[in-house]
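> Mind looking over this structure? Questions follow.
Bear in mind that the values in this text are calculations on the coordinates, not laboratory data. Nothing here was measured: the structure is a model prediction, and the numbers come from that model. Note: ideal-geometry Cβ built from the backbone for every residue, glycine included; neighbour counts use all protein chains shown.
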Amino acid sequence: MIDLLKAENVKYRHTFLPWLHLILPVTTAIVVIVYGLMTPTHSWADITGGYLELLGISFPIVIAVICGKSVGLEVEAGQFQVMLAIKQRNLIFCIKLLNLLILELFSTLLAIGIYGLIYQLSNKHLIFYGYAVILLTASMLILYLIHLVVVFLFGNSANIGLGIAESLLSALLLTGLGDGIWQFIPCAWGTRLMGTLINLWYYSGHSLFFKQQLLIWLEVAVPLTLMALILSIIWFDRWQGRSSDE
């Protein structure tokens with residue numbers, strides 16, 4: 001498996017993917033840190049909550065771009081013929097997914113780690129940032145599955161269009177429109193989880209309500225993500241490719 005992961009990474013070596021996972025989180029963190037330092041009237045919770053929600057909103061479109069390029073490399077290599085010729089195609093799909101998730105974890109650690117270490121560093125916030133990394137990374141697994149399947153089936157245009165729609169919807173569901181339904185809409189998970197986490201951490205008097213929100217999300221997200229993973233692997237193992245004009 002290590003060799004397969006290395007081989008997958010070799011494909012990305014001369015693309016923008018490694019740089020995207022490095023430059024984007026670092027730049028975003030620095031911009032928000034500078035903004036926070038220039039506006040001292042805003043509290044740590046205001047700046048941090050806004051930053052984490054911004055990450056949640058941007059993830060769907062970024063994931064769409066990443067999945068589009070990852071699958072696009074397979075098209076350039078011969079219209080998926082290399083992948084389709086391998087007997088254990090389900091393993092190849094899992095390796096591609098795992099590699100993307102490792103890159104996502106690295107990028108999320110950079111984005112939140114740099115921010116946490118520079119902006120109002122406090123020991124009591126370190127655990128909070130750890131929870132933020134875990135929740136944000138885990139909540140995006142289903143979006144990677146969705147976008148990989150979409151780009152394999154319908155091409156990159158549909159994939160990018162879906163990513164844009166998801167980011168817009170996740171921003172919309174930050175408002176009262178998302179109350180009570182966001183747990184059932186995967187593209188809203190990241191941004192609403194970040195808002196729930198900051199509220200749970202900062203407004204301890206209402207902790208029971210926010211804990212209930214997290215519990216509802218877990219009851220929905222865990223089985224839904226597992227089902228999406230299993231169905232995606234089964235589908236890819238039987239997939240026969242698509243024509244070049246799709």
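> Please identify, among Leu110, Leu24, Leu37, the residue showing maximal mean-square fluctuation in a Gaussian network model of the chain using a 10 angstrom Cα cutoff.
Leu37
> Efficiency by 1/(1 + (r/R0)^6): what FRET value for Ile164 and Asn123, r their Cβ-Cβ distance, R0 = 51 Å, to the nearest 0.05?
Computed FRET efficiency for Ile164 and Asn123 comes out at 0.85.
> Now for a different question. Taking springs between alpha-carbon atoms closer than 10 angstrom, which of Arg13, Arg192, Arg89 fluctuates most in the Gaussian network model of the chain?
It is Arg13.
> When the chain is treated as a GNM, springs tying every alpha-carbon pair under 10 Å, which of Leu214, Leu126, Leu97 comes out with the largest mean-square fluctuation?
Leu126
> Using label points projected 7 Å from each Cα along Cα→Cβ, tell me how many nm separate Arg89 and His14, to one decimal.
Going by the 7 Å Cα→Cβ label model, 2.8 nm.
> What is the mean projected area of the alpha carbon convex hull for region 1-68, to one decimal in square nanometres?
Taking the Cα atoms of region 1-68, their convex hull projects to 5.9 nm² on average.
> Where Rh denotes the Kirkwood radius from the mean inverse Cα pair distance, what is Rg over Rh for the chain?
0.99
> How much length is gained on full extension from Leu24 to Lys211, taking 0.36 nm per residue of separation minus their Cα-Cα distance?
Gain in length upon complete extension: 64.2 nm.
> Which aspartates and glutamates have a Cα less than 20 Å from the Cα of Lys124, not counting those fewer than 8 places away in the same chain?
Partners within reach: Asp46.
> What distance in nm separates the simple spin-label points at Leu73 and Tyr131, each placed 7 Å from Cα in the Cβ direction?
So the label points at Leu73 and Tyr131 sit 3.6 nm apart.
> For every helix of n ≥ 4 consecutive DSSP H residues, a contribution of -39,500 (n - 2.57) applies; sum these over the chain, divide by its total residues, and give [θ] at 222 nm rounded to the nearest 500 deg cm²/dmol.
Calculated mean residue ellipticity at 222 nm is -27500 deg cm²/dmol.
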